[in-house]
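> The structure is given below, and queries will be raised subsequently.
The values are calculated or read from the model by the stated rules, or taken from the named source; none is laboratory data. Because the structure is a prediction, the values reported are computed rather than measured. With ideal geometry, Cβ positions are generated from the backbone for all residues, glycine too; neighbour counts draw on all protein chains shown.
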Amino acid sequence: MDKINQSAPKVAIFKSTEKRDDIWSVLLVEVGTSQDRSAFAQLFEHYAPLLKSFAQASRQDGWFPGLAEDLVQEVMIKVWQKAGGYNPQKSSATTWIYTVARNCRIDMLRRKCNTQHLPLENEDFWHEPDEATPVSLLRQKRTEEHVKLSLEQLPQEQDEILRKVYLEGKSHTEASQELDLPLGTVKSRVRLGLHKLQILVAPEFKKELVND
Amino acid sequence: MTKFLNHHPSSEMLVEFSAGTLDTATSICVSAHLHFCKCCRNEVARLNEIGAQLMYEAQPEAIIDNGLFDKVMAQIDQPQPAVENSREKTDISGFPTHVNKLLNDAQNTPVWKRLSSSMEVAKLFTGQSKFEVALHKICAGGVTPKHDHRGLEYTVVLKGSFSDEKSVYTQGDFIIREPGDVHQPMGAKNGECICLSAREAPIKLKSILGLLLNPWLRVNPS
(Lines give C-alpha, C1' and ligand atoms only; values in the text may rest on other atoms or scores of the structure.)
Protein backbone atom coordinates (compact mmCIF):
# COMPACT_ATOMS: atom_id res chain seq x y z
CA MET A 1 0.00 0.00 0.00
CA ASP A 2 2.73 2.35 1.06
CA LYS A 3 4.71 1.69 -2.07
CA ILE A 4 1.81 2.58 -4.30
CA ASN A 5 1.21 5.80 -2.45
CA GLN A 6 4.82 6.81 -2.73
CA SER A 7 5.04 6.16 -6.42
CA ALA A 8 1.90 8.03 -7.35
CA PRO A 9 3.25 11.59 -7.14
CA LYS A 10 6.38 10.60 -9.04
CA VAL A 11 4.27 9.73 -12.05
CA ALA A 12 2.59 13.12 -11.91
CA ILE A 13 5.92 14.92 -11.65
CA PHE A 14 7.35 12.93 -14.53
CA LYS A 15 4.48 14.06 -16.71
CA SER A 16 5.12 17.68 -15.87
CA THR A 17 8.75 17.40 -17.00
CA GLU A 18 7.99 15.86 -20.36
CA LYS A 19 9.32 17.86 -23.24
CA ARG A 20 6.90 19.92 -25.20
CA ASP A 21 5.86 17.92 -28.19
CA ASP A 22 3.80 20.41 -30.18
CA ILE A 23 4.94 20.45 -33.77
CA TRP A 24 6.51 23.93 -33.59
CA SER A 25 8.70 23.08 -30.61
CA VAL A 26 9.83 19.88 -32.36
CA LEU A 27 10.68 21.80 -35.53
CA LEU A 28 12.58 24.45 -33.58
CA VAL A 29 14.67 21.74 -31.92
CA GLU A 30 15.46 20.32 -35.36
CA VAL A 31 16.63 23.72 -36.55
CA GLY A 32 18.79 24.04 -33.44
CA THR A 33 20.35 20.60 -33.52
CA SER A 34 20.80 19.95 -37.24
CA GLN A 35 20.22 23.26 -39.07
CA ASP A 36 17.30 21.59 -40.79
CA ARG A 37 16.20 23.96 -43.56
CA SER A 38 12.88 22.34 -44.29
CA ALA A 39 11.97 22.54 -40.58
CA PHE A 40 12.96 26.22 -40.70
CA ALA A 41 10.80 26.78 -43.79
CA GLN A 42 7.80 25.35 -41.93
CA LEU A 43 8.48 27.57 -38.92
CA PHE A 44 8.76 30.54 -41.25
CA GLU A 45 5.47 29.77 -42.93
CA HIS A 46 3.71 29.49 -39.59
CA TYR A 47 5.34 32.32 -37.61
CA ALA A 48 6.06 34.98 -40.25
CA PRO A 49 2.39 36.10 -40.51
CA LEU A 50 2.04 36.04 -36.70
CA LEU A 51 5.18 38.11 -36.33
CA LYS A 52 3.98 40.55 -38.95
CA SER A 53 0.67 40.96 -37.12
CA PHE A 54 2.60 41.49 -33.89
CA ALA A 55 4.70 44.16 -35.62
CA GLN A 56 1.63 45.83 -37.09
CA ALA A 57 -0.01 45.98 -33.66
CA SER A 58 2.75 48.24 -32.35
CA ARG A 59 1.67 51.78 -31.52
CA GLN A 60 4.96 52.88 -30.04
CA ASP A 61 6.39 56.32 -30.77
CA GLY A 62 8.66 56.17 -33.76
CA TRP A 63 7.23 52.91 -35.09
CA PHE A 64 5.82 52.91 -38.63
CA PRO A 65 4.14 50.17 -40.70
CA GLY A 66 7.11 49.88 -43.06
CA LEU A 67 9.10 48.29 -40.26
CA ALA A 68 6.84 45.23 -40.04
CA GLU A 69 8.61 43.11 -42.66
CA ASP A 70 12.02 44.21 -41.39
CA LEU A 71 11.01 42.87 -38.00
CA VAL A 72 9.85 39.53 -39.45
CA GLN A 73 13.17 39.23 -41.27
CA GLU A 74 15.26 40.14 -38.24
CA VAL A 75 13.37 37.81 -35.89
CA MET A 76 13.54 34.82 -38.25
CA ILE A 77 17.29 35.29 -38.76
CA LYS A 78 17.73 35.37 -34.97
CA VAL A 79 15.57 32.25 -34.66
CA TRP A 80 17.91 30.44 -37.06
CA GLN A 81 21.05 31.68 -35.31
CA LYS A 82 19.89 31.11 -31.75
CA ALA A 83 17.82 27.95 -32.11
CA GLY A 84 20.72 25.91 -30.67
CA GLY A 85 20.03 27.54 -27.30
CA TYR A 86 16.34 26.66 -27.29
CA ASN A 87 15.33 24.18 -24.60
CA PRO A 88 11.86 22.70 -25.15
CA GLN A 89 11.70 21.71 -21.49
CA LYS A 90 11.69 25.32 -20.37
CA SER A 91 9.34 26.97 -22.83
CA SER A 92 7.25 26.36 -25.91
CA ALA A 93 8.54 27.50 -29.31
CA THR A 94 5.87 30.20 -29.38
CA THR A 95 6.94 31.69 -26.05
CA TRP A 96 10.60 31.54 -27.05
CA ILE A 97 9.91 33.23 -30.41
CA TYR A 98 7.74 35.85 -28.70
CA THR A 99 10.69 36.85 -26.46
CA VAL A 100 12.98 37.12 -29.50
CA ALA A 101 10.38 39.27 -31.29
CA ARG A 102 9.83 41.55 -28.29
CA ASN A 103 13.57 42.14 -27.92
CA CYS A 104 14.02 42.80 -31.66
CA ARG A 105 11.09 45.24 -31.70
CA ILE A 106 12.57 47.33 -28.89
CA ASP A 107 16.05 47.29 -30.39
CA MET A 108 14.76 48.35 -33.81
CA LEU A 109 12.88 51.25 -32.22
CA ARG A 110 15.88 52.33 -30.19
CA ARG A 111 18.10 52.27 -33.25
CA LYS A 112 15.55 54.29 -35.24
CA CYS A 113 15.12 56.93 -32.54
CA ASN A 114 18.75 57.16 -31.52
CA THR A 115 21.82 58.10 -33.44
CA GLN A 116 24.23 57.79 -30.56
CA HIS A 117 26.13 54.70 -29.53
CA LEU A 118 23.95 52.26 -27.58
CA PRO A 119 25.95 50.08 -25.25
CA LEU A 120 23.21 47.52 -24.54
CA GLU A 121 20.72 45.52 -26.56
CA ASN A 122 17.45 44.39 -25.08
CA GLU A 123 18.70 40.83 -25.11
CA ASP A 124 21.30 41.86 -22.52
CA PHE A 125 18.51 42.40 -19.96
CA TRP A 126 17.30 38.82 -20.27
CA HIS A 127 18.47 35.91 -18.22
CA GLU A 128 18.86 32.34 -19.32
CA PRO A 129 15.93 30.37 -17.91
CA ASP A 130 16.76 28.66 -14.65
CA GLU A 131 17.58 25.00 -14.46
CA ALA A 132 14.17 23.46 -14.46
CA THR A 133 13.09 21.73 -11.28
CA PRO A 134 9.96 19.54 -11.18
CA VAL A 135 8.08 22.20 -9.23
CA SER A 136 9.07 25.13 -11.44
CA LEU A 137 8.31 23.12 -14.60
CA LEU A 138 4.94 22.11 -13.31
CA ARG A 139 4.14 25.71 -12.46
CA GLN A 140 5.36 27.03 -15.78
CA LYS A 141 3.37 24.47 -17.76
CA ARG A 142 0.30 25.08 -15.64
CA THR A 143 0.60 28.81 -16.29
CA GLU A 144 1.05 28.19 -20.01
CA GLU A 145 -2.08 26.07 -20.16
CA HIS A 146 -4.03 28.36 -17.88
CA VAL A 147 -3.15 31.48 -19.86
CA LYS A 148 -4.23 29.72 -23.06
CA LEU A 149 -7.60 28.83 -21.58
CA SER A 150 -8.40 31.93 -19.58
CA LEU A 151 -7.09 34.77 -21.70
CA GLU A 152 -10.19 34.89 -23.84
CA GLN A 153 -12.42 34.79 -20.78
CA LEU A 154 -10.86 37.84 -19.16
CA PRO A 155 -13.24 40.75 -18.64
CA GLN A 156 -12.94 43.13 -21.55
CA GLU A 157 -11.50 45.95 -19.42
CA GLN A 158 -8.59 43.77 -18.26
CA ASP A 159 -8.01 42.23 -21.68
CA GLU A 160 -7.94 45.68 -23.27
CA ILE A 161 -5.09 46.86 -21.05
CA LEU A 162 -3.00 43.70 -21.40
CA ARG A 163 -3.30 44.01 -25.18
CA LYS A 164 -2.26 47.65 -25.06
CA VAL A 165 0.80 46.75 -23.02
CA TYR A 166 1.91 43.54 -24.75
CA LEU A 167 0.83 44.12 -28.35
CA GLU A 168 0.81 47.90 -28.76
CA GLY A 169 3.87 48.28 -26.55
CA LYS A 170 2.39 50.94 -24.24
CA SER A 171 3.46 51.59 -20.67
CA HIS A 172 0.80 51.65 -17.93
CA THR A 173 1.07 55.45 -17.87
CA GLU A 174 0.48 55.71 -21.63
CA ALA A 175 -2.42 53.26 -21.38
CA SER A 176 -4.00 55.34 -18.62
CA GLN A 177 -3.74 58.50 -20.74
CA GLU A 178 -5.18 56.85 -23.84
CA LEU A 179 -8.05 55.21 -22.00
CA ASP A 180 -8.61 58.31 -19.89
CA LEU A 181 -8.36 56.31 -16.67
CA PRO A 182 -6.43 57.01 -13.46
CA LEU A 183 -3.07 55.18 -13.37
CA GLY A 184 -4.21 53.35 -10.22
CA THR A 185 -7.20 51.90 -12.09
CA VAL A 186 -4.98 50.67 -14.92
CA LYS A 187 -2.63 49.01 -12.43
CA SER A 188 -5.42 47.36 -10.48
CA ARG A 189 -6.97 46.00 -13.68
CA VAL A 190 -3.60 44.53 -14.64
CA ARG A 191 -3.31 42.98 -11.21
CA LEU A 192 -6.82 41.51 -11.38
CA GLY A 193 -5.98 40.08 -14.79
CA LEU A 194 -2.81 38.47 -13.43
CA HIS A 195 -4.81 36.89 -10.63
CA LYS A 196 -7.31 35.47 -13.09
CA LEU A 197 -4.50 34.08 -15.20
CA GLN A 198 -2.97 32.63 -12.02
CA ILE A 199 0.39 34.24 -12.63
CA LEU A 200 0.96 35.83 -9.25
CA VAL A 201 2.35 33.78 -6.40
CA ALA A 202 1.06 34.56 -2.95
CA PRO A 203 3.87 36.10 -0.89
CA GLU A 204 3.74 33.25 1.63
CA PHE A 205 4.69 30.78 -1.12
CA LYS A 206 7.46 32.87 -2.59
CA LYS A 207 9.96 31.77 0.01
CA GLU A 208 9.37 28.11 -0.74
CA LEU A 209 9.73 28.56 -4.47
CA VAL A 210 13.24 29.89 -4.06
CA ASN A 211 14.44 26.57 -2.74
CA ASP A 212 12.41 24.19 -4.84
CA MET B 1 21.79 33.44 -6.02
CA THR B 2 18.99 31.46 -4.51
CA LYS B 3 18.50 33.33 -1.30
CA PHE B 4 15.22 34.96 -0.50
CA LEU B 5 15.09 38.73 -0.89
CA ASN B 6 12.79 41.13 0.88
CA HIS B 7 12.63 44.01 -1.59
CA HIS B 8 11.31 43.31 -5.09
CA PRO B 9 10.00 45.33 -8.04
CA SER B 10 6.18 45.38 -8.16
CA SER B 11 4.36 42.90 -10.37
CA GLU B 12 3.18 45.80 -12.53
CA MET B 13 6.80 46.70 -13.17
CA LEU B 14 7.58 43.09 -14.10
CA VAL B 15 4.63 43.17 -16.52
CA GLU B 16 6.11 46.21 -18.26
CA PHE B 17 9.51 44.53 -18.29
CA SER B 18 8.09 41.36 -19.80
CA ALA B 19 6.17 43.36 -22.42
CA GLY B 20 9.26 45.42 -23.23
CA THR B 21 7.61 48.76 -22.41
CA LEU B 22 9.82 49.70 -19.47
CA ASP B 23 12.35 52.46 -20.17
CA THR B 24 16.02 51.53 -20.55
CA ALA B 25 17.29 52.80 -17.18
CA THR B 26 14.54 51.09 -15.18
CA SER B 27 15.06 47.91 -17.20
CA ILE B 28 18.75 47.98 -16.26
CA CYS B 29 17.77 48.03 -12.56
CA VAL B 30 15.02 45.40 -12.86
CA SER B 31 17.37 43.14 -14.81
CA ALA B 32 20.04 43.54 -12.10
CA HIS B 33 17.49 42.46 -9.48
CA LEU B 34 16.47 39.46 -11.62
CA HIS B 35 20.12 38.37 -11.69
CA PHE B 36 19.85 37.77 -7.94
CA CYS B 37 16.16 36.85 -7.57
CA LYS B 38 14.94 33.49 -8.83
CA CYS B 39 11.43 34.21 -7.64
CA CYS B 40 11.03 37.28 -9.89
CA ARG B 41 12.81 35.48 -12.78
CA ASN B 42 10.12 32.81 -12.59
CA GLU B 43 7.38 35.41 -12.42
CA VAL B 44 8.73 37.08 -15.58
CA ALA B 45 8.87 33.68 -17.33
CA ARG B 46 5.17 33.22 -16.49
CA LEU B 47 4.35 36.76 -17.64
CA ASN B 48 6.00 36.05 -21.00
CA GLU B 49 3.23 33.52 -21.58
CA ILE B 50 0.74 36.40 -21.83
CA GLY B 51 2.70 38.08 -24.62
CA ALA B 52 3.24 34.77 -26.38
CA GLN B 53 -0.41 33.84 -26.23
CA LEU B 54 -1.59 37.27 -27.40
CA MET B 55 0.83 37.08 -30.32
CA TYR B 56 -0.28 33.55 -31.12
CA GLU B 57 -3.96 34.45 -31.06
CA ALA B 58 -3.51 37.44 -33.34
CA GLN B 59 -5.39 36.93 -36.57
CA PRO B 60 -2.64 35.97 -39.00
CA GLU B 61 -4.19 37.97 -41.80
CA ALA B 62 -0.87 39.58 -42.55
CA ILE B 63 0.36 38.58 -45.96
CA ILE B 64 4.00 37.79 -46.30
CA ASP B 65 5.75 38.89 -49.44
CA ASN B 66 6.96 35.88 -51.43
CA GLY B 67 10.50 37.17 -51.57
CA LEU B 68 10.90 37.52 -47.81
CA PHE B 69 11.77 33.89 -47.14
CA ASP B 70 14.48 33.97 -49.83
CA LYS B 71 15.86 37.19 -48.34
CA VAL B 72 16.09 35.54 -44.92
CA MET B 73 17.76 32.43 -46.38
CA ALA B 74 20.28 34.57 -48.26
CA GLN B 75 21.20 36.36 -45.02
CA ILE B 76 21.51 33.12 -43.12
CA ASP B 77 24.08 31.90 -45.64
CA GLN B 78 26.24 34.99 -45.12
CA PRO B 79 29.30 34.27 -42.99
CA GLN B 80 28.92 35.60 -39.44
CA PRO B 81 31.04 38.63 -38.63
CA ALA B 82 33.74 37.74 -36.12
CA VAL B 83 32.95 38.80 -32.57
CA GLU B 84 35.18 41.71 -31.67
CA ASN B 85 37.56 40.97 -28.89
CA SER B 86 39.19 44.32 -28.52
CA ARG B 87 40.59 44.66 -25.05
CA GLU B 88 40.91 42.81 -21.86
CA LYS B 89 37.71 42.83 -19.87
CA THR B 90 37.58 43.54 -16.22
CA ASP B 91 34.37 41.84 -15.22
CA ILE B 92 33.49 42.09 -11.58
CA SER B 93 32.61 38.60 -10.48
CA GLY B 94 29.05 38.18 -9.25
CA PHE B 95 27.83 41.31 -11.04
CA PRO B 96 25.02 41.03 -13.58
CA THR B 97 26.35 40.60 -17.15
CA HIS B 98 24.77 43.79 -18.46
CA VAL B 99 26.33 45.87 -15.65
CA ASN B 100 29.74 44.44 -16.51
CA LYS B 101 29.06 45.26 -20.15
CA LEU B 102 28.42 48.90 -19.19
CA LEU B 103 31.56 48.94 -17.05
CA ASN B 104 33.56 47.60 -20.01
CA ASP B 105 32.07 49.93 -22.60
CA ALA B 106 35.18 50.94 -24.58
CA GLN B 107 33.56 54.13 -25.89
CA ASN B 108 32.52 55.46 -22.50
CA THR B 109 34.65 53.93 -19.80
CA PRO B 110 33.18 54.80 -16.38
CA VAL B 111 35.46 56.62 -13.95
CA TRP B 112 35.18 56.37 -10.16
CA LYS B 113 34.99 59.79 -8.48
CA ARG B 114 35.19 60.43 -4.77
CA LEU B 115 32.12 62.21 -3.39
CA SER B 116 33.07 62.15 0.29
CA SER B 117 35.38 60.24 2.59
CA SER B 118 32.94 57.34 2.58
CA MET B 119 31.42 57.38 -0.90
CA GLU B 120 32.51 57.06 -4.53
CA VAL B 121 30.41 57.24 -7.67
CA ALA B 122 30.88 56.05 -11.25
CA LYS B 123 28.40 57.23 -13.85
CA LEU B 124 27.39 54.69 -16.46
CA PHE B 125 26.70 55.60 -20.07
CA THR B 126 23.42 53.97 -21.09
CA GLY B 127 22.33 55.84 -24.22
CA GLN B 128 19.16 57.35 -22.70
CA SER B 129 18.39 60.68 -21.08
CA LYS B 130 15.54 60.05 -18.66
CA PHE B 131 17.56 58.81 -15.69
CA GLU B 132 21.10 59.12 -14.51
CA VAL B 133 22.48 55.62 -14.02
CA ALA B 134 25.47 55.15 -11.73
CA LEU B 135 27.28 52.84 -9.37
CA HIS B 136 27.75 54.05 -5.79
CA LYS B 137 30.35 52.57 -3.49
CA ILE B 138 30.00 53.10 0.28
CA CYS B 139 32.99 52.06 2.38
CA ALA B 140 32.52 49.72 5.37
CA GLY B 141 30.65 51.62 8.06
CA GLY B 142 30.50 54.73 5.87
CA VAL B 143 27.77 57.28 6.54
CA THR B 144 26.38 59.21 3.60
CA PRO B 145 24.73 62.65 3.75
CA LYS B 146 21.07 62.76 4.67
CA HIS B 147 19.10 63.62 1.55
CA ASP B 148 15.65 63.61 0.09
CA HIS B 149 14.54 62.91 -3.44
CA ARG B 150 13.03 65.26 -5.96
CA GLY B 151 12.42 62.44 -8.38
CA LEU B 152 12.14 58.70 -8.49
CA GLU B 153 15.18 56.64 -7.65
CA TYR B 154 15.71 52.91 -8.11
CA THR B 155 18.56 51.19 -6.31
CA VAL B 156 19.78 47.60 -6.49
CA VAL B 157 22.44 46.32 -4.08
CA LEU B 158 25.12 44.54 -6.12
CA LYS B 159 27.59 43.82 -3.35
CA GLY B 160 27.56 43.98 0.46
CA SER B 161 24.72 45.66 2.27
CA PHE B 162 23.57 49.01 3.64
CA SER B 163 20.87 50.25 5.93
CA ASP B 164 18.78 53.34 6.48
CA GLU B 165 16.11 54.40 8.93
CA LYS B 166 13.65 51.91 7.44
CA SER B 167 15.48 48.67 6.79
CA VAL B 168 18.61 46.72 5.95
CA TYR B 169 19.23 46.04 2.26
CA THR B 170 21.32 43.13 1.07
CA GLN B 171 22.65 41.88 -2.26
CA GLY B 172 19.93 41.86 -4.92
CA ASP B 173 17.38 43.97 -3.03
CA PHE B 174 15.43 46.41 -5.24
CA ILE B 175 14.59 49.70 -3.54
CA ILE B 176 12.31 52.48 -4.77
CA ARG B 177 12.60 56.00 -3.36
CA GLU B 178 9.87 58.42 -4.24
CA PRO B 179 9.92 62.22 -4.25
CA GLY B 180 9.80 63.43 -0.66
CA ASP B 181 11.45 60.34 0.89
CA VAL B 182 14.28 61.41 3.18
CA HIS B 183 16.95 58.90 4.08
CA GLN B 184 20.52 58.50 5.23
CA PRO B 185 22.12 55.31 3.94
CA MET B 186 24.89 53.73 6.00
CA GLY B 187 27.28 51.07 4.73
CA ALA B 188 27.44 47.82 6.68
CA LYS B 189 30.40 47.55 9.06
CA ASN B 190 31.68 44.29 7.58
CA GLY B 191 32.64 45.44 4.10
CA GLU B 192 32.11 47.89 1.26
CA CYS B 193 28.74 48.14 -0.42
CA ILE B 194 28.21 48.73 -4.15
CA CYS B 195 24.80 49.77 -5.47
CA LEU B 196 23.43 50.38 -8.91
CA SER B 197 21.05 53.31 -9.09
CA ALA B 198 18.90 55.17 -11.59
CA ARG B 199 17.69 58.57 -10.48
CA GLU B 200 15.30 60.85 -12.22
CA ALA B 201 16.08 64.28 -10.80
CA PRO B 202 18.64 65.88 -8.50
CA ILE B 203 18.56 64.90 -4.84
CA LYS B 204 18.34 67.66 -2.25
CA LEU B 205 20.84 67.52 0.59
CA LYS B 206 19.79 68.34 4.12
CA SER B 207 23.01 69.40 5.87
CA ILE B 208 25.87 71.91 5.48
CA LEU B 209 28.10 69.12 4.23
CA GLY B 210 25.36 68.35 1.78
CA LEU B 211 25.24 71.91 0.51
CA LEU B 212 28.95 71.67 -0.21
CA LEU B 213 28.41 68.40 -2.02
CA ASN B 214 25.43 69.55 -4.03
CA PRO B 215 27.31 70.45 -7.22
CA TRP B 216 28.69 66.91 -7.26
CA LEU B 217 25.26 65.43 -7.13
CA ARG B 218 23.76 67.11 -10.12
CA VAL B 219 22.00 64.63 -12.32
CA ASN B 220 23.57 64.25 -15.72
CA PRO B 221 21.77 61.59 -17.66
CA SER B 222 23.85 60.12 -20.42
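> How many residues, within the range A:169-182, are more than 9 Å from chain B (Cβ to nearest Cβ) and either assigned to a loop (DSSP other than H, G, I, E, B) or polar (S, T, N, Q) (or both)?
6
> Additional query: Of (1) within 26 Å of A:R59 (Cβ to Cβ); (2) at the interface with chain A (Cβ under 9 Å from one of its Cβ atoms); (3) at pLDDT 95 or above, B:I63 satisfies all except one. Which?
(3)
> How about the range A:135-145: which of its residues are under 14 Å from the mean Cα position of the chain (by Cα) and at the interface with another protein chain (Cβ under 9 Å from one of its Cβ atoms)?
Of the range A:135-145, the ones under 14 Å from the mean Cα position of the chain (by Cα) are A:140-141, A:143-145.
Answer for the range A:135-145, where residues must be under 14 Å from the mean Cα position of the chain (by Cα) and at the interface with another protein chain (Cβ under 9 Å from one of its Cβ atoms): A:Q140, A:T143, A:E144.
> Taking the options A:C104, A:C113, name whichever one is of a type outside the set (D, E) and buried (at least 19 other Cβ atoms within 10 Å of the Cβ).
Values: A:C113 fails: buried (at least 19 other Cβ atoms within 10 Å of the Cβ).
Of the residues listed, the single one that is of a type outside the set (D, E) and buried (at least 19 other Cβ atoms within 10 Å of the Cβ) is A:C104.
> A:H127 passes all but one of (1) at pLDDT below 85; (2) over 30 Å from B:K101 (Cα atoms); which number fails?
(2)
> Among the residues of the range A:108-124, write down those that are under 19 Å from the mean Cα position of the chain (by Cα), in a helix (DSSP H, G or I) and under 20 Å from B:A106 (Cβ atoms).
A:E123, A:D124
> Moving on to the next point. Within the range B:1-27, which residues are facing chain A (nearest Cβ under 7 Å) and part of a helix (DSSP H, G or I)?
Answer for the range B:1-27, where residues must be facing chain A (nearest Cβ under 7 Å) and part of a helix (DSSP H, G or I): B:S11, B:E12, B:V15, B:E16, B:A19, B:S27.
> May I ask you to list the residues in the range B:32-60 that are part of a loop (DSSP other than H, G, I, E, B) and modelled with pLDDT of 85 or more? Give the steps one after another, and end with the answer.
Here is the first cut: in the range B:32-60, the ones part of a loop (DSSP other than H, G, I, E, B) are B:37, B:58-60.
Of everything in the range B:32-60, just one residue is part of a loop (DSSP other than H, G, I, E, B) and modelled with pLDDT of 85 or more, namely B:C37.
> Based on what the data block shows, is A:A93 among the small types (G, A, S) and in contact with a Lys or Arg (Cβ under 7 Å, 6 or more places away or on another chain)?
Working: among the small types (G, A, S): yes; in contact with a Lys or Arg (Cβ under 7 Å, 6 or more places away or on another chain): no.
No, not satisfied.
> Quick check on the range A:187-199: of everything there that is in a helix (DSSP H, G or I) and at the interface with chain B (Cβ under 9 Å from one of its Cβ atoms), which residue is nearest to the chain's Cα centre (by Cα)? Can you show your working first?
So the first thing to find is which residues in the range A:187-199 are in a helix (DSSP H, G or I), and the list is A:187-196.
Applying the additional criterion that residues be at the interface with chain B (Cβ under 9 Å from one of its Cβ atoms) yields A:187, A:190-191, A:193-194.
Details: A:K187: 20, A:V190: 17, A:R191: 18, A:G193: 16, A:L194: 14 Å.
Checked the range A:187-199; the qualifying residue nearest to the chain's Cα centre (by Cα) is A:L194.
> So, one more: Within the range B:120-134, is there a residue that is more than 17 Å from the chain's Cα centre (by Cα) and not small (G, A, S)?
Step one: list which residues in the range B:120-134 are more than 17 Å from the chain's Cα centre (by Cα), which gives B:120.
Filter once more, so that each one left must be not small (G, A, S): B:120.
Among the residues of the range B:120-134, at least one is more than 17 Å from the chain's Cα centre (by Cα) and not small (G, A, S), which makes the answer yes.
> Can you say whether A:L138 is among the hydrophobic types (A, V, I, L, M, F, W, C), without any contact (Cβ under 8 Å) to a residue 12 or more places away in the chain and more than 22 Å from B:N100 (Cβ to Cβ), as far as the supplied structure shows?
Working: among the hydrophobic types (A, V, I, L, M, F, W, C): yes; without any contact (Cβ under 8 Å) to a residue 12 or more places away in the chain: no; more than 22 Å from B:N100 (Cβ to Cβ): yes.
So A:L138 does not fit the description; no.
> Consider A:A41 carefully, then state whether it is within 19 Å of the chain's Cα centre (by Cα) and at pLDDT 90 or above.
Details: within 19 Å of the chain's Cα centre (by Cα): no; at pLDDT 90 or above: yes.
Judged against the criteria, A:A41 is not a match.
> Looking only at the range A:178-194, decide whether some residue is outside the structural domain of A:D22 (by TED's automatic domain parsing), within 27 Å of A:Y47 (Cα to Cα), modelled with pLDDT of 90 or more and buried (at least 20 other Cβ atoms within 10 Å of the Cβ). Step through it out loud before you land on a result.
Narrowing the range A:178-194 to residues outside the structural domain of A:D22 (by TED's automatic domain parsing): A:178-194.
Filter again for within 27 Å of A:Y47 (Cα to Cα), leaving A:193-194.
Add one more test, that the residue is modelled with pLDDT of 90 or more, and what stays is A:193-194.
Retained after the next criterion (residues that are buried (at least 20 other Cβ atoms within 10 Å of the Cβ)): A:193-194.
Checking the range A:178-194: at least one residue is outside the structural domain of A:D22 (by TED's automatic domain parsing), within 27 Å of A:Y47 (Cα to Cα), modelled with pLDDT of 90 or more and buried (at least 20 other Cβ atoms within 10 Å of the Cβ).
> Test each condition in (1) surrounded by 11 or more Cβ atoms within 10 Å (Cβ to Cβ); (2) polar (S, T, N, Q); (3) modelled with pLDDT under 95 for A:N5 and report the one that comes out false.
The one condition A:N5 does not meet is (1).
> What are the residues in the range A:146-158 that are more than 9 Å from every other protein chain (Cβ to nearest Cβ) and part of a helix (DSSP H, G or I), if any?
The initial filter retains those residues of the range A:146-158 that are more than 9 Å from every other protein chain (Cβ to nearest Cβ), namely A:149-150, A:153-158.
Correct list: A:L149, A:S150, A:Q153, A:Q156, A:E157, A:Q158.
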